[in-house]
1. Taking E96 as meeting all but one of (1) under 26 Å from L134 (Cβ atoms); (2) open to solvent by 80 Å² or more (accessible area, probe 1.4 Å); (3) at pLDDT below 95; (4) not basic (K, R), write down the number of the exception.
2. Being in contact with a strand residue (DSSP E or B) (Cβ under 8 Å, 6 or more places away or on another chain), within 24 Å of L15 (Cβ to Cβ) and at pLDDT 95 or above is the filter here, so list the residues in region 182-198 that pass it.
3. For region 168-191, check the following and say yes or no: at least one residue is among the aliphatic types (A, V, I, L, M), open to solvent by 50 Å² or more (accessible area, probe 1.4 Å) and closer than 23 Å to D64 by Cα.
4. Being basic (K, R) and in contact (Cβ under 8 Å) with a residue 12 or more places away in the chain is the filter; apply it to region 54-92 and report the residue that is surrounded by the fewest Cβ atoms within 10 Å (Cβ to Cβ).
5. Checking the structure you have, find out if any residue of region 158-166 is at pLDDT 95 or above and under 15 Å from the mean Cα position of the chain (by Cα).
6. Which number in (1) acidic (D, E); (2) open to solvent by less than 80 Å² (accessible area, probe 1.4 Å); (3) under 22 Å from A90 (Cα atoms) marks the one condition that D152 misses?
7. Would you tally the residues in region 106-137 being under 17 Å from the mean Cα position of the chain (by Cα), touching a residue at least 60 places away in the same chain (Cβ under 8 Å) and within 25 Å of P53 (Cα to Cα)?
8. Mind telling me which of the residues R31, R16 ends up being surrounded by 10 or more Cβ atoms within 10 Å (Cβ to Cβ), at pLDDT below 95 and within 19 Å of the chain's Cα centre (by Cα)?
Amino acid sequence: MTRSLDLRTRLSQSLRSGHEMDLDHMLSDERHFISDIGSLRSAAVLIAITDRPDPGVILVHRPDYMRNHPGQVAFPGGKIDPGDKDAIHAALREAEEEVSLNPAQVDIIGPTDRYHSGSGYNIQPVVGVIPPDLPLVPCPEEVDEWFEAPLDFVLDPKNQSSHVGYWRGVRREYYQIEWQNHRIWGITAGILVNLSKRLDWLS
C-alpha cells in the first residue's frame, strides 16, 4: 500500500483487510486469566490518529493517585455508561471529558479488536482520525498530561518488547513500548500490538 493514499483511506483499507484475516491466535489479550468473560465491565477507548505526513497517536498519562491504573499511559477512554448509545459514543465522550477533544473533530474509521483485561474490563478500541495540533486540554482529575507518539514507531514490532511479570500472584506476559520518556505497557501496549497486526502498517 503506497504512502500516496490519504490517511483515512489507508487506515480504512488496512483495517478492513486486516479484519478479514484470521489473526485471533496472534493477538494479545488477558482472557485466559478470566473465569467469567460475561462479568467484565464494558469500556471503550479512542485511538486518535493525527492527520499529518507522519501521523501520531494521542496518549495520556493517568495521575498517580487514580484508583485504576495509576500513573500508566493510556488511550483516552473509560467505562461505557448507560446513557451511551454505543462504544463509539462512549469513546468520544470520554475523550472530550479527558482532553477536551471535540467529537466533531473525530473522523471515525471503525472499531478494532476488543481487549479483555484481567483488571475487569471488556475494552472496545475505536480508531479515528483527527486534525493535527488541536489545542487539547487535560482534565486534571483524570489526566496528568497528554502526548503524541509517532504511529510508525508504536506500530513497529521492533519497538514492541515482550516482558514477564507477576500481578496478584499470577505470572503475566505483557508488551512494552518505550518512546522518549514514556513507558507504554500493559493494556495500552497490547492494543497497539494487536492494531499493528491488523493494519500491517509498515508493509
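The values are calculated or read from the model by the stated rules, or taken from the named source; none is laboratory data. Values in this document were obtained by computation on a predicted structure and should not be read as measured data. Backbone-built Cβ (ideal geometry, glycine too); neighbour counts: all protein chains shown. For accessibility, only protein heavy atoms count, side chains too; no ligands or nucleic acids. Shrake-Rupley method; radii C 1.70, N 1.55, O 1.52, S 1.80 Å.
1. (3)
2. Those that are in contact with a strand residue (DSSP E or B) (Cβ under 8 Å, 6 or more places away or on another chain), within 24 Å of L15 (Cβ to Cβ) and at pLDDT 95 or above: I184, T188, A189, G190, I191, L192, V193, N194, L195.
3. Looking through region 168-191, none of the residues is among the aliphatic types (A, V, I, L, M), open to solvent by 50 Å² or more (accessible area, probe 1.4 Å) and closer than 23 Å to D64 by Cα.
4. Pass one, region 54-92, residues basic (K, R): 62, 67, 79, 85.
So of that shortlist, the ones also in contact (Cβ under 8 Å) with a residue 12 or more places away in the chain come out as 62, 79.
Numbers: R62: 18, K79: 14.
Going through the qualifying residues, I end up with K79.
5. Within region 158-166 (the criterion being at pLDDT 95 or above and under 15 Å from the mean Cα position of the chain (by Cα)), the answer is yes, since at least one residue qualifies.
6. Looking at each condition in turn, D152 falls short on (3).
7. Residues that pass the stated criteria total 11.
8. Every option except R31 fails the conditions.
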